[in-house]
Amino acid sequence: MNETDLGLWAVPLAMIGGAIRVSTPFLFVSLGECLTERSGRINLGLEGTLVFGAMSGYAVAYESGSAWIGVLAAALAGMLFGFFHGWVCKLPKVNDIAIGIALMLLGMGLAFFFGKPFVQPQAPDLPAISFGWWSDISQVQAALQVNVLFLIGIVLTVAMGWMFRTTRIGLIVRVVGDSTDAARSMGLNPNVVRLLATGAGGALAGVGGAYLSLYYPGSWNEGLSSGQGLMAVALVIFARWSPVNCFWAALLFGGAGALGPALQSVGISSGYYLFYAAPYVLTLGLLIATSSPNRALESAPGELSITK
Amino acid sequence: MNRRTISRRSLLKAGAATGALAAASALPFGAAHAADLTVGFIYVGPKDDFGYNQAHAEGAAAVKEMAGVTVVEEENVPETVAVQKSMESMINFDGASLMFPTSFGYFDPHILAVAPKHPDVRFQHAGGLWSADKHPKNAGSYFGYIGLGQYLNGITAGHATKSKKIGFVAAKPIPQVLMNINSFLLGARAVDPTITCQVIFTGEWSLAVKEAEATNALADQGCDVITCHVDGPKVVVETAAGRGAFVCGYHADQSPLAPAKYLTGAEWNWANVYTGMVKTMMSGGTIDNFVRGGLSDGFVKMSPLGPAVSDTARNQFEAAKAEIMKGGFLIIKGPINDNKGNVIAPAGKAFAEDDIALESMDYLVEGVIGSTS
């Protein structure tokens, strides 16, 4: 270790590093939720999916010895949760928000139950790529240790934005999300589209969970998620249902979360409870600033039960 | 079948008869096992968290080995009215007559609400301040002077640090946490008085991501030995070792998590304390309402020294430990100021480890970088 004294520069550096480290679960869950909501359903159960994904990813990685098999298992588990949500919600008179809350509690309960034997063992970690080779400063090198899943998340963000904008699949998801009647008249089956979109969204949330348990902070226990899944669902609304905005919102939340510890580390130590509330204050501020009586929720999918 | 034969009155009678039968059959059962003891343990988190709860659960496991003792346990019980329900259930359904609700926040108001309803049940609480004029006689408080464990941690840290900066990830600024931070620094300053200790408070007992962020922030500032006071030190230990820093453990032995970087650790020795209390209860004695002890009393122990501890460090560690084992070690010695410049103790005044004044500590000593609010 050869640390250089950075002074106050440590704060922006920590925020960049924190944004990269902490944002990945937010990114995956919000991309998944973005896809699901674009198809006209809300899956509030992604917090449960995230926790279950974290547990199953950790457990499978430990048993198999490969972190990537763990990620795959987390995606599969998340997809099952998504499919279950999609299947139940197609039944008549079922409220997707209520099912989501039930699935959130179920996912967490199942994860705690099956995860008990995996609190102690150490599973292999996901690899990271070092982008800090150009700098001699060890803090910069540490901050620029970028996990592969984060890079995959960036690719997914761009791909999903492109998919919604220009591809036929994107058009189908958007039509189903905006008007069930229009989709039916086009010969589409909205329930099937929503089932698939919820399943894919669940898989992404599961991967987000695997990032928590397999890379950062990198171990499974019952207090692993402090509501990241729920916050990510809110991020989608904040990001106005755009995948690219989801990415920026996830980075913002990751960076803001690193602000509190970083400020304390440079000696600005009083009022840390206030700094820890920074992400939420920021969200409120941005939502108020960007809202308007004329164009609020303009890009919201028309079939969402919260906007109808 | 004629439905009229079952009237509401006869149904009630039948119900009462069944109840009486159940009560009658329960009585001899209770009497036959009068010499036995059922002990209830309640944890605020998972009991295998490499931390606070695991330390208590290891104590419970030792009690379970004793003849004639039944142990009932419940984990992940929040510090809310939920713990009152858990206690009532253990007392009423499992017949527990000795309770160990182990989390700090269980005492007031939860134990204070349940204890008066069950005068024949003994409630032992870790860390709470029991006082004879305010609190029920069947409740008691016990705790260990683990600050001296952090002092010994600090000695190994003082020898291991090259940057002369050591780090502490802390949950909340309560007296026991502040005592640990101050002791860690004072231990390190016994090696080199220029060492400083950076503290970061996370605000909660268990917040994995924030603990990892705090550890990274400390490493970014050049802290090359890191310890913590959070419920589950696993994340801090793994993250710190991943950044190349040495670690000192807390609560339980975390050396398997970072074998090369682990210097030593301050551990609870609840197995010794709990088996002693259960023996007292079973032999018909009463446990003191206010029990405290340190290294010399077997309340606290140290992890075996890791491979990175040098011989000079080992010698100073062993010498300090031998001094502490004599009891009455003076941990805060004047002249000493807090980190805002106020005098804590003038020259000639000192606080021993068992000084009750230390249990309401609200300052960080000079050399600690951080603030309590």
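Rule-based calculations on the coordinates, nothing more; no lab input. From a predicted model like this one, the values you see are computed outputs, not experimental measurements. Positions of Cβ are generated from backbone atoms using ideal geometry, with glycine treated the same way; all protein chains shown enter the neighbour counts.
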Name the most mobile residue of B:GLY140, B:GLY341, B:GLY154, meaning the one with the largest mean-square fluctuation, in a Gaussian network model of chain B with Cα contacts below 10 Å. B:GLY341
When only Cα pairs under 8 Å and 6 or more residues apart are kept, what is the percent relative contact order across chain B? 17
Could you work out how far apart the two model spin labels at B:ILE174 and A:ILE137 are, taking each label as a point 7 Å from the Cα in the direction of the beta carbon, and quote it in nm? 3.9
Over segment A:7-290, calculate the relative contact order: mean separation of alpha carbon pairs under 8 Å at least 6 apart, over the residue count, as a percent. 38
If N is the number of residues in segment B:195-256, what value comes out of its Cα radius of gyration divided by 2.2 N^0.38 Å? 0.99
What does the structure give for B:220-233 when I average, per residue, the other chain Cβ atoms found within 10 Å of the residue Cβ? 4
FRET E, pair B:LYS137, B:ALA260, Förster distance 51 Å, beta-carbon r, rounded to 0.05: 0.50
From the P(r) of segment A:100-213, could you give the percentage of C-alpha pairs in the tail past 25 Å? 50
Which helices, counted as full DSSP H runs in chain B, have an axial Cα extent of no less than 27 Å and a Kyte-Doolittle average of -1.0 or above? B:8-32
Distance between segment A:74-107 and segment B:197-238 - C-alpha centres, whole angstrom: 36
In bins 5 Å wide, starting from 0, what share of all Cα pairs of segment A:7-290 does each bin hold, as a percent? 1, 6, 12, 16, 17, 17, 13, 9, 5, 2, 1, 0, 0
In a Debye calculation with equal point scatterers on the alpha-carbon sites of segment B:192-319 and no solvent, what is log10 I(q)/I(0) at q = 0.12, 0.19 Å⁻¹? -0.57, -1.08
Would you calculate the volume per residue, in Å³, of the smallest convex hull containing every Cα atom of chain B? 178
Return the sequence-ordered ³J(HN,Hα) values of segment B:126-143 in whole Hz as given by the Karplus equation 6.51 cos²θ - 1.76 cosθ + 1.60 applied to θ = phi - 60°, using x for Gly and Pro. 7, x, x, 8, 7, 10, 4, 7, 10, 10, x, 5, 8, 10, x, 10, 9, 6
In segment A:7-290, taking the dipole from +1 charges on Lys and Arg beta carbons and -1 charges on Asp and Glu beta carbons about the Cα centre, the listed residue (A:GLY65, A:LEU103, A:LEU149) farthest towards the positive end is A:LEU103
Expected unfolding gain across B:ASP355-B:ASN76 under the 0.36 nm per residue rule, minus the alpha-carbon gap, is 97.2 nm
Suppose each label sits 7 Å from its Cα in the direction of the beta carbon; what would the A:TRP68-B:VAL343 distance come out to in nanometres? 6.7
For A:ASN147, list long-range residues whose amide hydrogen, built 1.01 Å from N in the peptide plane, is under 5 Å from its own amide hydrogen. A:ILE129
Proximal lysines to A:LYS93, defined as alpha-carbon separation beneath 19 angstrom and excluding residues fewer than eight positions away on the same chain: A:LYS308
For the protein assembly as shown, what size does the Cα cloud have along each of its three principal axes, sorted from largest down, in whole Å? 92, 86, 49
Using a Gaussian network for chain A with springs between C-alpha atoms less than 10 Å apart, which of these wobbles most: A:LEU259, A:LEU171, A:LEU126? A:LEU171
Sequence-distant or interchain residues sharing an amide H contact under 5 Å with B:ALA170, placed H: which? B:ILE200, B:PHE201, B:THR202, B:HIS229
Segment A:127-250, relative contact order in percent, only Cα pairs under 8 angstrom and at least six apart counted: 19
Note the angle between two axes, namely the Cα long axis of helix A:67-90 and the longest principal axis of the Cα atoms of chain A, as a number of degrees from 0 to 90, rounded to the nearest 10. 30
With springs connecting C-alpha atoms under 10 Å apart, model chain A as a Gaussian network and identify which of A:ALA232, A:ALA128, A:ALA250 has the largest mean-square fluctuation. A:ALA128
